[in-house]
Structures are given as structure tokens and as C-alpha cells.
Amino acid sequence: MSDQDSGKVGSAGIAAVLRYLLAEVHPDNRGPYTMAEAAAGAEVSESTLKAIKNGRGNPTFATLENLAEFFDVPAEVWHYPSDPASVIARHRLEQTKVDAGVVSIALRAEGLDAEGMDYVRRSIDQARKAQGLGPARTGLNLRN
């Protein structure tokens, strides 16, 4: 039985997820969070975060939950170190399904080329700005 099958991911898996979150999960309008920012946001010391990132830490559930909350991802992400992007994407899709209007817009965008998608994104950004909402925060770059 593997660590994933038994529900025990282990420090190497947790480290892999944290490295992924640090590199890939951030607002669209900026680059990755620094270790200091992530540590402060998750209310842990930077040395603790570095130990976890290097596979030497033994984080508590509370620490993992705080990190998930800081990165705005489901805590379930820690259980799937081989594919955190899929866990996050499925979670975000489930959250989005609650808003039928958002789903309707997404379905209408299906099949658009890159130029068309950029036009839709700019239009949505302009509508958000007009309503005082600020830029949309995807928190995940799903383009590969």
C-alpha cells in the first residue's frame, strides 16, 4: 500500500505540494509569493516553512490548513502530491458551479481561440472595474 493509499502522504509529498503552491499559486497580477509572505500569511515561522519545503518538517494539521487557506486552495491538496493542480482546478470548478451565470459565460467561451479568450478576459476585467470589484483573482495559472 502506498502512502497515498493509506492516507499518509509523508513529508516528501507535503514538500512537493508546498513547492508547487509557492511556484504556481498566486494572484495573476503578481509573481510567486516569497517564503516570508507565505510564512506570515500562514502564521508560521519562515524557518518552519523552509523545513517543510525541504521535506524536513513535520507540520501540524493546523499549519497545513493555514497554508491552504493562505493560498486559497482546499486542504485536500496535501493528500495528492502528484497532482495538486488538478485538485485545485476541480475545487475551483465546484465553487464556480454555484454561480450559474459564471458557468454560462464559460460555456459561451468554449472554442474561442487565444485572441478571443483574451478579448473575453479583458471585457470581464473592464466590467469588474466598472463595478468596483477590482481584478479577478484566479490564483492559479492553468495555461500550459
Only Cα pairs within less than 10 Å get springs; with that Gaussian network setup on the chain, which residue of D113, D83, D72 has the largest fluctuation?
D113
With the chain treated as a Gaussian network of Cα nodes joined by springs under 10 Å, which of A127, A51, A39 yields the largest mean-square fluctuation?
A127
Sort out the exposed loop GluC sites (Glu not before Pro) in the chain (DSSP loop, at most 13 other Cβ within 10 Å) and tell me the longest stretch that has none.
44-109
Among G41, G132, G55, the residue with the largest mean-square fluctuation in a Gaussian network model of the chain built from Cα contacts under 10 Å is G132
Using a 10 Å cut-off around each Cβ, can you sort Y20, Y119 from fewest to most neighbouring Cβ atoms?
Y119, Y20
Along the Cα→Cβ direction, 7 angstrom out, place labels at A109 and A12. What is the inter-label distance in nm?
3.8 nm
Skipping prolines and chain starts, which residues have an amide H placed within reach, meaning under 5 Å, of the one on G57, given they are 5 or more residues away or on another chain?
I52
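Coordinate-derived values only; no laboratory data. Keep in mind that this is a model prediction, so the values were computed, not measured. With ideal geometry, Cβ positions are generated from the backbone for all residues, glycine too; neighbour counts draw on all protein chains shown.
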